[in-house]
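Shown next, in structure tokens, is the structure this report addresses.
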Amino acid sequence: MTHAANVFSGYVLAAVATAAYVVWVIRRGRTLGRHLGIGARGPVSDVADESRPRD
Amino acid sequence: MIETPEPDLREQAQRAGSLSMTGSVATRVLGVVAIAAVGVMALLALWISPADAVQGDAVRLMYVHVPSIWVAYGGFVLTAFASARVLWRTRSGVGGTYGVIADRQARRWDRVAGAAAELGVLFTALTLVTGSLWGKVTWGTYWQWDARLTTTVLLFVTYLGYLALRRLPAESRARARRSAVMALIAVVNLPIVHYSVDWWRTLHQEASLNLEPGGDRNITGEMYWTLLYSWATFTVVALWIGIHRYRVLRLEELAEEASLEELLAQRRDEQAAGR
Amino acid sequence: MTDLSPRHPLEASGDRAAVRRQMGRRRKAVIGAFVLLLLIAGGAATIAGLRNATLFFRNADEAIAERVELGDRRFRLQGRVVPASVAVDGGVTTFEVIHNCASVAVRHSVDPPDLFESPWIPVVLEGRWVPGEVVTVAGRDTHFFSSDNMLVKHTNEYAAANADRIGDPDEPPEGFLDDCPFEVPRL
């Protein structure tokens with residue numbers, strides 16, 4: 001029945017989207033923290049090193 | 001660099017024994033409460049609460065759809081409030097050398113604004129999706145450009161734009177002030193969305209809860225309490241994620257500062273070596 | 001992270017203010033363009049949406065009053081379905097909708113949504129006036145409404161399905177027909 005299917009999809013979508021956001025936020029926090037934890041002068045971000053033009 | 005002596009996030013997380021970098025005792029408690037509340041909500045909304053006389057089981061979508069937009073409203077109001085604080089604390093003549101936010105409070109409010117807006121966007125998206133699924137089984141269509149639906153999409157797009165604006169590279173002070181101005185403009189749409197069902201003829205029904213004292217209650221007992229409970233659940237979940245997001249924003253600032261320091265150091269070394 | 005300080009000739013000159021001006025202009029242009037685009041998109045969506053939305057539907061009584069101006073133009077009609085008037089013949093569903101004591105005869109050519117079956121449900125129909133002699137609960141009429149799209153406009157009232165119901169389900173909503181000069185037959 002469409003009613004049940006739509007209700008189910010609605011709940012699943014909401015749960016998955018929220019959970020995905022939670023995971024994204026926490027992982028991003030961990031990644032950033034790890035970078036920052038290497039020491040004040042360490043390679044803070046790999047991206048920064050790559051994007052910097054070498055001359 | 002301007003020193004911002006704030007609690008060391010990592011220390012805080014370790015003290016709480018949290019797996020995440022941004023955890024603390026408060027978020028651990030909130031997290032446990034949030035997950036338990038979601039479990040109870042699923043039971044109440046999908047199992048214990050009755051089917052509707054007209055809509056049948058489709059009414060159960062209300063317990064996700066309506067609390068979602070309430071939490072989104074809350075997020076956007078908080079964004080506007082925090083943005084006003086940012087503008088006030090960075091007004092001309094207050095701190096701000098070389099376009100950097102010197103004021104700790106301003107930085108905090110800027111983070112609050114960013115975290116709250118992101119949650120608002122997430123929950124507005126959930127509102128739109130669940131509303132569309134609900135519309136299909138009740139109205140017979142996924143979408144209609146009526147006033148409520150149109151203004152809600154506009155709300156969603158505006159705050160997506162706000163989040164994009166926050167990401168445009170700029171000096172911290174200019175970026176914070178610019179996004180604060182946009183947040184204060186964007187929030188004007190909020191009452192329009194809410195009252196659209198009263199101001200215009202819409203396919204969408206009028207507000208379900210009459211908050212005026214002594215007003216008629218359109219929802220009977222168990223459904224009413226399930227709706228309120230779901231709203232409380234969504235609020236706890238949003239608070240929990242919001243605090244984490246706020247701290248991640250702090251880490252982002254720190255990373256930016258650190259990379260700036262590093263670039264400056266490199267530049268100094270180059271100069272010393274005579275290039 | 002990006003390289004924060006572009007290597008610019010002005011920079012070498014040590015004129016920091018000039019560097020800042022230069023960078024500021026480009027940034028402002030980008031932001032200006034961005035905000036402008038957003039405003040245009042938003043404005044266009046609002047106008048397109050609300051022009052449609054401000055007159056999302058005409059109520060049954062208004063549709064009758066504006067019949068001449070409407071001609072054979074398409075519009076949306078709103079009213080509550082009279083339960084006793086519903087009849088299905090082949091793929092065509094005929095019924096009447098009432099609003100403000102005005103009744104419109106409807107010929108609907110597509111399968112209605114599930115909720116159409118609830119008594120006195122408000123619906124929004126898309127279609128046009130077609131000349132033809134009909135008899136409604138309110139009397140004779142010279143036109144009926146030919147519809148090919150139905151949206152059920154459910155209300156904001158919720159009640160448990162299994163609650164003890166007082167009276168019969170065919171009962172019109174309280175006060176809905178109070179001032180009407182005609183009687184509506186029951187199922």
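For B:Val248, state whether it is more than 8 Å from every other protein chain (Cβ to nearest Cβ) and either surrounded by fewer than 20 Cβ atoms within 10 Å (Cβ to Cβ) or touching a residue at least 24 places away in the same chain (Cβ under 8 Å) (or both).
So B:Val248 fails the test.
Only one of these is of a type in the set (D, E, K, R), surrounded by 20 or more Cβ atoms within 10 Å (Cβ to Cβ), more than 26 Å from B:Met41 (Cβ to Cβ) and within 13 Å of chain A (Cβ to nearest Cβ): B:Glu262, B:Glu257. Name it.
Selected residue: B:Glu262, the only one of B:Glu262, B:Glu257 that is of a type in the set (D, E, K, R), surrounded by 20 or more Cβ atoms within 10 Å (Cβ to Cβ), more than 26 Å from B:Met41 (Cβ to Cβ) and within 13 Å of chain A (Cβ to nearest Cβ).
The rows are residues; the columns are (1) farther than 27 Å from B:Leu61 by Cα; (2) modelled with pLDDT of 90 or more; (3) at the interface with another protein chain (Cβ under 9 Å from one of its Cβ atoms).
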site	(1), (2), (3)
C:Glu126	no, yes, no
C:Val137	yes, yes, no
C:Asp141	yes, yes, no
C:Phe144	yes, yes, no
C:Asp168	yes, no, no
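For residues in region B:45-104 being at pLDDT 90 or above and polar (S, T, N, Q), which is farthest from B:Val153 (Cα to Cα)?
B:Ser49
Name the residues in region C:37-77 that are surrounded by 12 or more Cβ atoms within 10 Å (Cβ to Cβ), modelled with pLDDT under 90 and either more than 12 Å from chain B (Cβ to nearest Cβ) or assigned to a helix (DSSP H, G or I) (or both), would you?
C:Leu38, C:Leu39, C:Ala41, C:Gly42, C:Ala45, C:Thr46, C:Ala48, C:Gly49, C:Leu50, C:Asn52, C:Ala53, C:Thr54
From the list C:Glu117, C:Glu171, which one is acidic (Asp, Glu), surrounded by 14 or more Cβ atoms within 10 Å (Cβ to Cβ) and farther than 14 Å from C:Ala63 by Cβ?
Sole residue among the options that is acidic (Asp, Glu), surrounded by 14 or more Cβ atoms within 10 Å (Cβ to Cβ) and farther than 14 Å from C:Ala63 by Cβ: C:Glu171.
Restricted to region B:150-168, and to residues that are of a type outside the set (S, T, N, Q) and facing another protein chain (nearest Cβ under 8 Å), which residue is farthest from B:Gly120 (Cα to Cα)?
B:Leu168
Do you know which of the residues in region B:117-134 that are free of Cβ contacts under 8 Å to residues at least 40 places away in the same chain and under 22 Å from C:Tyr158 (Cα atoms) is surrounded by the fewest Cβ atoms within 10 Å (Cβ to Cβ)?
This residue is B:Ser132.
The values are calculated or read from the model by the stated rules, or taken from the named source; none is laboratory data. As the structure is a prediction and not an experimental result, all values here were calculated from the model. When we count neighbours, we look across all protein chains shown, and the Cβ atoms used for this are built from the backbone with ideal geometry, even at glycine.
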